[in-house]
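Data first, discussion second: the structure below is written as structure tokens.
The values are calculated or read from the model by the stated rules, or taken from the named source; none is laboratory data. Given the structure is predicted, the values throughout are model-derived calculations rather than measurements. Cβ placement follows ideal geometry from the backbone for every residue including glycine, while neighbour counts extend to all protein chains displayed. Side chains included, ligands, DNA and RNA excluded: accessible areas come from the protein's heavy atoms. Shrake-Rupley method; radii C 1.70, N 1.55, O 1.52, S 1.80 Å.
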Amino acid sequence: MPQNIIELASVKLTLPSAAGPVNILRGIDLAIGAGEAAGLVGPSGSGKSTLLMVLAGLERPSEGRIVAAGEDLTGLGEDALARFRRNHIGIVFQSFHLIPTMTALENVAIPLEFAGRQDAFARAEEELRLVGLGHRLTHYPGQLSGGEQQRVALARAVAGDPEILLADEPTGNLDQATGHEIIELMFDLHTRKGTTLVLITHDEELAARCDRVIRLRDGLVESIEAGAAA
């Protein structure tokens, strides 16, 4: 078993609402090994996306402890959490989140420039070529198909060689054939770079391709099963 790169202990998240406090995460204990692919599945409202936000330091837990990539996130301020994400985390969302006024190349390169990479544009071009978009470098998101936009988002997520790649329903806005292409790219990058992959999906067959399948229900880990890759 590889050394754990993610550890959650008794993680809870409670948010206020008009009807009173809502317990979204109700005591998550979970460990994910370095280089592992973990599929997160569960019904809508089970806490999957919230768990991913907590792992990325984009949402603060109400209770519990999170250690990721050697960093204890529990007591970090916003600036420190931003640095943590920049140095350790890549995120692929369902809805791409590209900047519409920037080209594909700029969307991938600018975060690298912010991180101080001198080779930002060369690196961005390399990653875009690896996802099959070497011919679309100067195109804007509005000139790209949904699949091409998600390829740009994937290139951006992995360009900084993050230790952890978080993917929240990355094929949710794509047709079946295009979604399959994105998933193959994602698993290829995971294997080639040795990145830890945490993938939220409603697709049981896709989840089964991971090393483990983690089932959430009502804000708790219901079960953990070995996947086909184990």
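Could you compute the FRET efficiency for ARG83 and ALA122, with r as their C-beta to C-beta distance and R0 at 25 Å, rounded to 0.05?
The pair ARG83/ALA122 has a calculated efficiency of 0.60.
Net charge around ILE6, counting only other residues with Cβ within less than 10 Å of its Cβ (Lys, Arg = +1; Asp, Glu = -1)? Walk me through the intermediate numbers first.
Working: positive: none; negative: GLU7, GLU36, GLU163.
Here the count lands on -3.
For the chain, build the charge dipole from Cβ charges (+1 Lys, Arg; -1 Asp, Glu) around the Cα centre, then report which of PHE96, THR14, ALA68 sits farthest towards its positive end.
THR14
Could you calculate the contour length gain from THR191 to ALA18, that is, 0.36 nm times the residue separation minus the distance between their Cα atoms, to one decimal place in nm?
Extending this stretch completely gives an extra 57.8 nm.
I'd like the carbon and sulfur percentage of the solvent accessible area for region 1-123, probe radius 1.4 Å, heavy atoms only, ligands and nucleic acids excluded.
Using a 1.4 Å probe with all protein chains present, region 1-123 comes out at 53 percent carbon and sulfur.
Sort 173-180, 156-163, 195-202 for me by packing, meaning the mean count of neighbouring Cβ atoms within 10 Å per residue, highest on top.
195-202, 156-163, 173-180
Could you work out how much longer the chain between ALA9 and HIS97 gets when fully extended? Use 0.36 nm per residue separation minus the Cα distance between them, nm to one decimal. Please report the intermediate quantities before stating the final value.
Details: separation 88, 0.36 × 88 = 31.68 nm, distance 3.05 nm.
Stretched out fully, the ALA9 to HIS97 stretch lengthens by 28.6 nm.
By how many nm would the segment from LEU220 to ALA115 grow when fully extended, if each residue of separation counts as 0.36 nm and the alpha-carbon distance is taken off? Each step should come with its number before you reach the end.
Values: separation 105, 0.36 × 105 = 37.80 nm, distance 3.53 nm.
In short, 34.3 nm is gained.
Based on DSSP H runs of at least 4 residues, each adding -39500 (n - 2.57), what is the mean residue ellipticity at 222 nm of the chain after dividing by all its residues, to the nearest 500 deg cm²/dmol? Walk me through the numbers on the way to the answer.
Numbers: 7 runs with 77 residues, N = 230.
Value at 222 nm, helices only, nearest 500: -10000 deg cm²/dmol.
Within 12 Å, Cβ to Cβ, of ARG212, how many net charges do the neighbouring residues add up to if Lys/Arg are +1 and Asp/Glu are -1?
Summing Lys and Arg as +1 and Asp and Glu as -1 gives -1.
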